[in-house]
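S.K.: First the structure, which I've put down as structure tokens, then a few questions once you've had a look.
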């Protein structure tokens, strides 16, 4: 997995977080119960702010990209500029909100008490009204800009149709992804990766590659209808076996891995390596029965057609 893919996946996560926060802020603003802490979570000059992180990430990734094509660079540059504009528009909203909610009520109290009057109080009142107007304008501008920036992000993502990290960032929270992009996860994955099943496959392969077997199995069970065609039963046995191994259940691990070894024709080299380690662990740390079963499975794994073909190829090269 390349550095660019990992960074872009984080950009996707932070954009979706910022978009969702902005929607909540707009709703709270018009219902009259907006808290400043929510605004600060969206935009500030620190990494606690989703938009600040997003701005820094896009600047770091896209302004120094030496590998992209001209078309990709243009898409990335436009997205980078849009994120910068979003940040500054949101800061404008924050300043207007702070001015009107923190200073405005205090001035009203002083004017009612008669301790604030004359030209200065009138000037302050005009400044607060102007701030309130800027806040409303910025809220409307930000919402429209968020939608347009989201559409540009989709164009950027379509230039990486085989990214496991990007696929994972979209699949891990389907409800949020669908709220932000305004379409079903299935349709979104198809638009980026060519098909929904390919998108799921990339996301799940990324989890498996990182050793997150429990999460991979949870996704498969959660999105069973969505991922039809992405994984076959034998492959599921591999995932269940490795999950059992990492949960400290060598007997269950061998049960599932046996199903995978004997009945599945999908045995990538990376999977075989981690399965061999799990079987070796059962052999060395289990009871006599597990030791015998593990030894038999290890032999079956070594003698399977894919492994034999791999060995023959190695010998030919040598």
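The values are calculated or read from the model by the stated rules, or taken from the named source; none is laboratory data. What you are looking at is a predicted structure, and each value in this text was computed from that prediction instead of being measured. Here Cβ is always computed from backbone atoms with ideal geometry, including for glycine, and neighbour counts include all displayed protein chains.
S.K.: Quick one: count up the residues across the range 230-244 that are over 25 Å from the mean Cα position of the chain (by Cα), at pLDDT 85 or above and surrounded by fewer than 20 Cβ atoms within 10 Å (Cβ to Cβ).
M.R.: Summing the residues that are over 25 Å from the mean Cα position of the chain (by Cα), at pLDDT 85 or above and surrounded by fewer than 20 Cβ atoms within 10 Å (Cβ to Cβ) in the range 230-244 gives 0.
S.K.: Which one of 27, 69 is surrounded by fewer than 14 Cβ atoms within 10 Å (Cβ to Cβ) and farther than 30 Å from residue 102 by Cβ?
M.R.: None of the other options fit; the residue is 69.
S.K.: Criterion first (farther than 23 Å from residue 25 by Cα and assigned by TED's automatic domain parsing to the domain that holds residue 36) does residue 154 satisfy it?
M.R.: Numbers: farther than 23 Å from residue 25 by Cα: yes; assigned by TED's automatic domain parsing to the domain that holds residue 36: yes.
Yes: the conditions hold for residue 154.
S.K.: Could you list, in sequence order, the residues of the range 245-257 that are more than 28 Å from the chain's Cα centre (by Cα) and surrounded by fewer than 19 Cβ atoms within 10 Å (Cβ to Cβ)?
M.R.: Those that are more than 28 Å from the chain's Cα centre (by Cα) and surrounded by fewer than 19 Cβ atoms within 10 Å (Cβ to Cβ): 248, 249, 251, 252, 255.
S.K.: Is at least one residue of the range 155-168 more than 20 Å from residue 5 (Cα to Cα) and at pLDDT 90 or above?
M.R.: We begin by selecting, within the range 155-168, every residue more than 20 Å from residue 5 (Cα to Cα); these are none.
Checking the range 155-168: not a single residue is more than 20 Å from residue 5 (Cα to Cα) and at pLDDT 90 or above.
S.K.: Let me ask something else about it. Taking into account only those residues within the range 97-116 that are over 26 Å from residue 29 (Cα atoms) and loosely packed, with under 11 Cβ neighbours inside 10 Å, which is modelled with the lowest pLDDT? Don't jump to the end; show me each part of the working.
M.R.: Filtering the range 97-116 down to residues over 26 Å from residue 29 (Cα atoms) leaves 113-116.
Narrowing the set further to residues that are loosely packed, with under 11 Cβ neighbours inside 10 Å leaves 113-115.
On the way: 113: 59, 114: 67, 115: 62.
Among them, the one singled out is 113.
S.K.: Out of 240, 168, 273, I need the residue that is out of contact with any strand residue (DSSP E or B) (no Cβ under 9 Å at 6 or more places or on another chain), in a helix (DSSP H, G or I) and closer than 19 Å to residue 16 by Cβ. Which one?
M.R.: Among 240, 168, 273, only 168 is out of contact with any strand residue (DSSP E or B) (no Cβ under 9 Å at 6 or more places or on another chain), in a helix (DSSP H, G or I) and closer than 19 Å to residue 16 by Cβ.
S.K.: Next up: Looking at the range 164-171, is at least one residue free of Cβ contacts under 8 Å to residues at least 60 places away in the same chain and surrounded by fewer than 18 Cβ atoms within 10 Å (Cβ to Cβ)? Write out each step before concluding.
M.R.: Going residue by residue through the range 164-171, those that are free of Cβ contacts under 8 Å to residues at least 60 places away in the same chain are 167, 171.
After this cut, where a residue has to be surrounded by fewer than 18 Cβ atoms within 10 Å (Cβ to Cβ) as well, the list is none.
No, every residue in the range 164-171 fails to be free of Cβ contacts under 8 Å to residues at least 60 places away in the same chain and surrounded by fewer than 18 Cβ atoms within 10 Å (Cβ to Cβ).
S.K.: If residue 277 satisfies every condition in (1) under 30 Å from residue 171 (Cβ atoms); (2) touching a helix residue (DSSP H, G or I) at 6+ places or on another chain (Cβ under 8 Å); (3) modelled with pLDDT of 85 or more; (4) surrounded by fewer than 19 Cβ atoms within 10 Å (Cβ to Cβ) but one, which is the exception?
M.R.: Only one criterion is unmet by residue 277, namely (2).
S.K.: Here's something else I'd like to know. I need every pair where a residue in the range 174-203 that is at positive phi has its Cβ under 7 Å from the Cβ of a residue that is outside any helix (DSSP H, G or I), sequence separation at least 6 or different chains.
M.R.: Hits for this filter: 194/161.
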